[in-house]
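Since the structure comes first, as structure tokens, the remarks are kept for the end.
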Amino acid sequence: MSQTDLEIVVDDPAAPEENSPSVASSGTIEIIACVLLLALAAILGYDNWRTGASWDSTGPEPGYFPFYLSLILGGGSLYGLIAAFLARRGPSETFVTRAQARRVMAVFVPTLLFCLVTQFLGLYVASFLLIAGFMRLVGKIAMWKSLLTAFLFTAIMFVTFDIAFDVIMPKGPLEAAFGY
């Protein structure tokens, strides 16, 4: 048997089950995405029109190019919306199942919380909590390894950004207690 005939199969024990019910169909998601992009194009177009989307004596006004980019985005969104409505799909083309959505939310929710916690506790404490939490809860890694890795990563980030390169990062009460 040659090397090209070998097939490597890796089973993921945490993979979502095959018979998980559908949460959303592909057509629904396409329509929602096109409507959101169309709304964004309308907002950008209006704002750039208000800023100035024509030529004056010195050349294009500040909103000229962004305005036309928003028109292109709006046109593409309209095309996608019409194509989504006219598409002939099977009875249910699943975009995401419940098990898949659960796995996505297991990453999205902590990341959103990280952004919120950063506002109150600073980047370094939020990073420590995010890394330790992901390693422990998602990765099922031992508590001491999770805490040690999170501490070392956060300490290296602090030394690199705050001490070595003097980059301004969001800080919280812990950094203030240490005088940073």
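Please treat every number below as a calculation from the coordinates, not as lab data. Computed from a predicted model, the values in this text were never measured in an experiment. Positions of Cβ are generated from backbone atoms using ideal geometry, with glycine treated the same way; all protein chains shown enter the neighbour counts.
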(request) Would you calculate the separation in nanometres between label points at Met105 and Ala83, each defined as 7 Å from the Cα along the Cα-to-beta-carbon direction? (result) 3.1
(request) Express in % the proportion of alpha carbon pairs of the range 24-95 at distances exceeding 13 Å. (result) 67
(message) So if I place +1 on the C-beta of Lys and Arg and -1 on the C-beta of Asp and Glu, and nothing else carries charge, what would the dipole magnitude of the range 76-180 be about its Cα centre? I want it in debye, nearest 20.
(response) 700
(message) As a test of the formula, what do you get for the chain when each DSSP H run with n ≥ 4 contributes -39,500 (n - 2.57) and the sum is divided by the residue count, at 222 nm and rounded to the nearest 500 deg cm²/dmol?
(response) -19500 deg cm²/dmol
(message) Step by step: find N for the chain, compute 2.2 N^0.38 Å, then divide the Cα radius of gyration by it. What's the final number?
(response) 1.54
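Scan the chain and report its longest stretch carrying no trypsin sites (Lys or Arg not before Pro) that are both in a DSSP loop and have at most 13 other Cβ atoms within 10 Å.
In the chain, the maximal stretch lacking such sites is 1-87.
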(message) Within 9 Å, Cβ to Cβ, of Tyr124, how many net charges do the neighbouring residues add up to if Lys/Arg are +1 and Asp/Glu are -1?
(response) -1
(request) Over all directions, average the projected area of the Cα convex hull of the range 97-177 and note it in nm². (result) 5.9
(request) Using the Cα centre as the reference, give the magnitude of the dipole from point charges on the C-beta atoms of the chain (Lys, Arg: +1; Asp, Glu: -1; all else neutral), rounded to the nearest 20 debye. (result) 500
(request) Enumerate the helices in the chain for which the Kyte-Doolittle hydropathy averages 0.5 or more and the C-alpha atoms extend at least 27 Å along the helix's axis, using complete DSSP H runs. (result) 26-51, 64-86, 98-121
